[in-house]
Amino acid sequence: LDGGGALMNQCVHGIDALLWLMGDDVASVFSYSGTQVREIEVEDTSVSVVRFKSGAYGTIVGTTSVIPAQPSRTEIHGDKGSLVLSNDGVRCWTSRLVKGVHKEQPVDLAKRFRTRKPAGKGGPGGAADPKAIGWYGHTAQVQDFCRAILNDRQPIINGPQARKPVALILAIYKSAKTGKEVVLD
């Protein structure tokens with residue numbers, strides 16, 4: 001009856017951000033998902049390997065079975081640098097693509113682009129307490145949606161874009177159920 005567990009409820013926005021940051025479509029996914037700690041009808045833990053159309057690999061780990069709860073985190077690592085984002089902003093951002101910097105000495109850009117901590121206590125947010133899910137991340141999207149209606153235009157995040165993370169999560173569920181790699185369209 002729930003429609004989804006840790007992935008659909010807690011991880012959908014992080015998966016959306018990952019897809020946007022990668023700028024690439026997913027070719028296939030293989031997943032293990034299930035209940036590890038809680039007796040619920042949906043997954044409390046999911047571990048997936050993602051293969052992007054570019055040939056890059058990724059992992060998606062979604063869980064509500066970690067004690068104590070941990071803040072969400074997105075990590076992207078490659079031969080030109082690394083980016084680590086958490087609930088409280090940029091944790092690590094190094095790049096070899098900064099003008100005038102020697103190739104073997106990555107520059108820490110996180111200090112230059114620190115994000116402000118959102119109002120509230122910070123911490124793991126909804127992972128520990130569903131009532132602690134912040135509204136700050138949705139404000140701009142809701143405002144844009146309202147303006148789109150008033151101005152008869154498409155919102156910045158349209159239906160096809162919003163469908164991508166949901167389609168990936170459904171493919172993860174299918175892989176976990178069948179025990180097979182799922183190819184996405």
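Determine the sum of side-chain charges near residue 141: Lys and Arg each +1, Asp and Glu each -1, restricted to other residues whose C-beta is under 15 angstrom from that of residue 141.
On the way: positive: 147, 153; negative: 16, 144.
With Lys, Arg at +1 and Asp, Glu at -1, the neighbours total 0.
Can you figure out the FRET efficiency of residue 162 with residue 66, using R₀ = 25 Å and their beta-carbon distance, to the nearest 0.05?
For residue 162 and residue 66, the calculated efficiency is 0.40.
Considering only protein heavy atoms and a 1.4 Å probe, what is the carbon-and-sulfur percentage of the accessible area of the stretch 16-97?
Ligands and nucleic acids excluded, carbon and sulfur give 53 percent.
At 0.36 nm per residue, minus the direct Cα-Cα distance, what do residue 9 and residue 95 gain on full extension? Give it in nm, one decimal, please.
27.7 nm
Which of the peptides 153-165, 26-38 is most tightly packed, and how do the rest follow, judged by the mean count of other Cβ atoms within 10 Å per residue?
Numbers: 153-165: 12.5, 26-38: 17.3.
Ranked from most to least packed, the peptides come out as 26-38, 153-165.
Quick one: net charge around residue 185, please, counting Lys, Arg +1 and Asp, Glu -1 for every other residue with C-beta under 12 Å from its C-beta.
+2
For residue 27 and residue 148, what does the FRET efficiency come to when R0 = 35 Å and r is the distance between their Cβ atoms, rounded to the nearest 0.05?
Working: r = 32 Å, r/R0 = 0.90.
Computed FRET efficiency for residue 27 and residue 148 comes out at 0.65.
Could you pull out the pairs from 80/177; 53/174; 53/80 whose alpha carbons sit more than 30 Å apart here?
80/177
What ranking, highest mean first, results for peptides 66-77, 83-94 when packing means the other Cβ atoms within 10 Å averaged over each residue?
In decreasing order of mean packing, 66-77, 83-94 become 83-94, 66-77.
The values are calculated or read from the model by the stated rules, or taken from the named source; none is laboratory data. Owing to the predicted nature of the structure, the values given are computational and were not obtained by experimental measurement. Virtual Cβ from ideal backbone geometry, glycine too; neighbours counted across all protein chains shown. Surface areas here come from the heavy atoms of the whole protein model, side chains and all, with no ligands, DNA or RNA. Shrake-Rupley method; radii C 1.70, N 1.55, O 1.52, S 1.80 Å.
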